[in-house]
Structure formats: C-alpha cells, structure tokens
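Visitor: Shown below is the structure under consideration.
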Amino acid sequence: MAEATLVILNPNAGSGRAERLWAKIEPLAYQTWGNLVVAITEKPQDVAAHLDKARAAGLTRVIAVGGDGTVHTIVNAMVELMQHDPKGPPMLFGQLPAGTGQDFARTLNVPGKLEDAVQWLANVQPRPLDLGAVVYDKNKCHFLNIASVGISGEVDSQVNRIKNRRPWTYKLAAIRAMLSYTPPVMTVNVDGEMWYQGRSWMVVIANGIYFGKGMAIAPQASVNDGLFEVVLVKEASRMRVLQAFNSVYSGKHLALEEVQHTRAQQVEVISNGPILPLDLDGEHETGREFRFEIKPGALQMLYE
C-alpha cells in the first residue's frame, strides 16, 4: 500500500478481542502498509467524523479492524459521505477481521490468520462490490453482508445483550430462540411479484454467503453479480427446524422441502400482524414493512 491508510479500530469488537489483536499486529501493519492513521472509535457517530477528516486530508483507503458490526457502521458512514460529496475521491475499503462473527470476511476469503490477512490486504486490488439497501418504518441504511427478517433478528437481540461472547454463544442463542419463537405470517414479494405468503421462520436477503458465525445460509450468493440470494424457511415444527439446524453450516439446507430460494434485485417483506425482528449485518432492528434493493458495484473493496 503506497498511499496512507486510515485504520478504524473498534476496541470493543469481539468483547475486546479487536483491541488485543491490533496491539499484537500493529507493528506488522505499519511495516507492510506504510503510513497509517489509526482512529479509535467506540461510538458509531464517531466514524463519520473520522472518515470526513481523512477524506479531506486525501486519505481514501480505509481498513476496518473489528467484526461485522464495525464494518456495517463504517460502510454506512462511507456511503453517506460519498453521497453528500460525490465529486470527492472514491474511497476504498478493506477489513482486518477481529470481531466475533467475521462472516463477511469468510465470504471474501480473507485469511483467518491475522499476519496473513495483513499481507493479503497489501496485495489485493480494489474491486466493485454490491451493497444492499433497505428502507423500513421511515428508516433507511445499507448493508454489506446479509439482512434477514424473522428468528435471526430475535437471535441477534439475545446475542447483543451478552457482553462476553464465546464461540458457542450464537449457536446457543439460536437454539433458545427456536424453542420460544413463533413464526409470523409474512408476505414476500420479489421483483414486484408475490413469491410467498404464510408463516415463515425467516427470510434471508443475502449479498454474502455466511451469517451467525459460519452458517452458510446463502451458499450460492455472490457479492458482485447485481443480485440478492433470497432464502426463506417456511413454517415447520420446532423439532424439524432443530433437526435441520446443522445442515445450514454446510449449505445443504437448500435441498430441504421447508426451504425455498431465488435471486432478485428487489425484495419486499411485509408483516401481516406483529412487528418483525430484523438482523442487519448482525445488528438488531425491528419493523413491519421492509424494502430491499441491491446496489450493484456501489463500493470499492479490497478482495479477490
């Protein structure tokens, strides 16, 4: 990396794991990437200020040190900044995975070993990458990896309340949610046509492949094809869902009769009753109507 790089570190990512890993890897990052400006942020609103200052100073390469939540915050701030000042230089984005989930890094094949990831980020070239956009209940934002409506949003709510997360935290929260969650009635439209109506455990609108710490929920997804991979789990008994749970890690769940999937540029999910939980790149939100749209090549990102 010849030009200066802005490194945005979320010290709280992964229950403090990001800060510990960065302290270990920082000398190698300086040696490999060259001139760095390190910005430490603990609040989402700080990210926009760091990006604005960096862009004004001519820094357009941004590396996130953190997990999927950190990446989600930075990407939304980058998009907003570039929309506000479209004549400014385009910003390039990369991720040094140091959080809990690291699901989008899996999709991009970022090396799991940090030393290798530092070198990998120095060598890969920026490429266009699709972004998802969602509008719901007067809110709007972008997502890089996956949005899903239903039980996955409930799992997020449980996981985000746990400060000291372990490798098994998400899996345990998912099983607990399966035992208590009642699938609501949804209407799902894809590209303007009704695709499903009825009770559903969840509907996944995927740009990336993985969520939930390694579940290959959308194994056929691509980050640069201009399409979402849409995966829906229909109504089924709790026992059946529990039995099928492990198949999600291998991506074999797509063959189950309770699962249907398609590809689309636009997806609309409407509740026929209660407020629905939403998982948005690992962040928990809620709403009754969601409109998703793919934004082809909206972000320049470092990946192969």
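Visitor: Can you give me the span-like helices of the chain, meaning DSSP H runs with 15 Å or more of Cα extent along the axis and Kyte-Doolittle mean at or above -1.0?
Guide: What comes out of the filter, once short or polar helices are dropped, is 17-33, 44-56, 68-84, 169-180.
Visitor: Grab the Cα-Cα distance for Gln83 and Asn246, subtract it from 0.36 nm times how many residues apart they are, and report the gain in nm with one decimal.
Guide: 54.6 nm
Visitor: A follow-up question, please. Take Ser180, Ser222, Ser148 and order them by how many other Cβ atoms sit within 10 Å, fewest up front.
Guide: Ascending number of Cβ neighbours within 10 Å: Ser180, Ser222, Ser148.
Visitor: A follow-up question, please. Within the chain, what's the longest stretch lacking trypsin sites (Lys or Arg not before Pro) that sit in DSSP loops with no more than 14 other Cβ atoms inside 10 Å?
Guide: 164-287
Visitor: Can I ask one more? Name the residue farthest towards the positive end of the dipole of the chain from the options Ser250, Leu36, Ala48, assuming +1 on Cβ of Lys and Arg, -1 on Cβ of Asp and Glu, about the Cα centre.
Guide: Of the listed residues, the answer is Ser250.
Visitor: Another question about this same structure. Which one of Leu21, Val79, Pro11 is farthest out on the positive end of the charge dipole of segment 5-124, using unit charges on Cβ (Lys, Arg +1; Asp, Glu -1) and the Cα centre as origin?
Guide: So the residue we want is Leu21.
Visitor: In 5 Å bins starting at 0, how do the alpha-carbon pair distances of segment 5-124 split up by percent?
Guide: Binned Cα distances yield the sequence 2, 12, 24, 25, 21, 12, 4, 0.
Visitor: With +1 on the Cβ of every Lys and Arg and -1 on the Cβ of every Asp and Glu, and nothing else charged, how large is the dipole of segment 175-304 about its Cα centre, in debye rounded to the nearest 20?
Guide: Roughly 500 debye for segment 175-304.
Visitor: State to the nearest 20 debye the size of the charge dipole of segment 120-251 about its Cα centre, where the only charges are +1 on K and R beta carbons and -1 on D and E beta carbons.
Guide: The calculated dipole for segment 120-251 is roughly 760 debye.
Visitor: For every helix of n ≥ 4 consecutive DSSP H residues, a contribution of -39,500 (n - 2.57) applies; sum these over the chain, divide by its total residues, and give [θ] at 222 nm rounded to the nearest 500 deg cm²/dmol.
Guide: The per-residue figure over the chain is -9000 deg cm²/dmol.
Visitor: Please report the projected area of segment 199-304's Cα convex hull averaged over all directions, in nm².
Guide: For segment 199-304, averaging the hull's shadow over all directions gives 7.4 nm².
Visitor: Measuring from the lowest to the highest alpha carbon on each principal axis, how far does the chain reach, largest first, in angstroms?
Guide: Dimensions of the chain along the principal axes of its Cα atoms: 55, 40, 30 Å.
Visitor: Place +1 on the Cβ of every Lys and Arg and -1 on the Cβ of every Asp and Glu in segment 5-124, take the dipole about the Cα centre, and give the residue among Leu96, Ile63, Asn123 whose Cα lies farthest towards its positive end.
Guide: The one lying farthest along the dipole's positive direction is Asn123.
Visitor: Okay, moving on. Given Cβ point charges of +1 (Lys, Arg) and -1 (Asp, Glu) and nothing else, what value in debye, to the nearest 20, does the dipole of the chain about its Cα centre take?
Guide: 760
Read-outs: derived from the displayed coordinates by stated rules, not from any lab. This is a predicted model, so every value here is computed, not measured. Cβ: placed from backbone, ideal geometry, glycine included. Neighbour counts: every protein chain shown.
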